[in-house]
1. Angle, helix 33-53 long axis vs. longest principal axis of the chain, Cα atoms, 0 to 90°, nearest 10?
2. Measure nothing but the geometry: give the 0 to 90° angle between the long axis through the Cα atoms of 84-103 and the longest principal axis through the Cα atoms of the chain, rounded to 10°.
3. What do you get when you divide the Cα radius of gyration of the stretch 71-120 by 2.2 N^0.38 Å, with N the number of residues?
4. To the nearest 20 debye, what is the magnitude of the charge dipole of the chain about its Cα centre, counting +1 on the Cβ of each Lys and Arg and -1 on the Cβ of each Asp and Glu?
5. For the stretch 25-65, rounded, prolate or oblate, judged on the Cα gyration tensor with a ≥ b ≥ c (square roots of eigenvalues), a/c < 1.5 rounded, else prolate if a/b > b/c?
6. What distance in nm separates the simple spin-label points at TYR52 and ALA114, each placed 7 Å from Cα in the Cβ direction?
7. May I ask you to derive the FRET efficiency for ILE62 and TYR8 from their Cβ-Cβ distance with R0 = 30 Å, giving the value to the nearest 0.05?
8. Accessible area, 1.4 Å probe, largest first: how do LEU26, LEU70 sort?
Amino acid sequence: MFQTPLFYVVEWLLALLTIPLFEMPLPLYLFRIVPILCGLAQVEIAFRLSRYAMPARPRAQIAACAVGGLTGMNVYMSQTVGNEPMAAAWAGASMVVVARMLTKNEAPALRSVAIWGFLCGLA
């Protein structure tokens with residue numbers, strides 16, 4: 001239930017592109033690109049969430065970004081091949097959409113709710 005199929009599809013496409021072009025050790029290292037990009041996305045997500053949570057406190061935003069995006073588990077998991085960083089990135093992106101909806105003083109638009117549902121589905 002936890003295994004995100006999108007991660008395996010992306011890695012399969014990466015394998016189709018790299019294995020015929022390069023000798024074998026290199027494609028195995030290239031499989032780490034997706035988790036690293038997802039780990040970097042989590043740093044950005046932590047920054048955006050901190051901006052919604054503390055809009056008038058830039059120093060607190062920096063601290064929240066450092067703690068939320070650069071925790072030991074995020075750094076550790078992002079350098080190995082695994083689907084957890086992608087699942088966390090999609091879940092974090094859905095949290096950014098929810099934070100954006102909550103900070104507005106109006107009812108959420110159908111588009112925002114649809115984006116939130118799509119991101120939850122990807123997560």
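The values are calculated or read from the model by the stated rules, or taken from the named source; none is laboratory data. This is a predicted model, so every value here is computed, not measured. Here Cβ is always computed from backbone atoms with ideal geometry, including for glycine, and neighbour counts include all displayed protein chains. Protein only, heavy atoms only, side chains kept; ligands, DNA and RNA dropped before computing areas. Shrake-Rupley method; radii C 1.70, N 1.55, O 1.52, S 1.80 Å.
1. 0
2. 20
3. Taking N as the residue count of the stretch 71-120, the ratio is 1.43.
4. Values: 8 positive and 5 negative charges, 123 e Å.
That gives a dipole near 580 debye.
5. Here the stretch 25-65 falls in the prolate category.
6. 1.9
7. 0.25
8. The residues order as LEU70, LEU26, largest area first.
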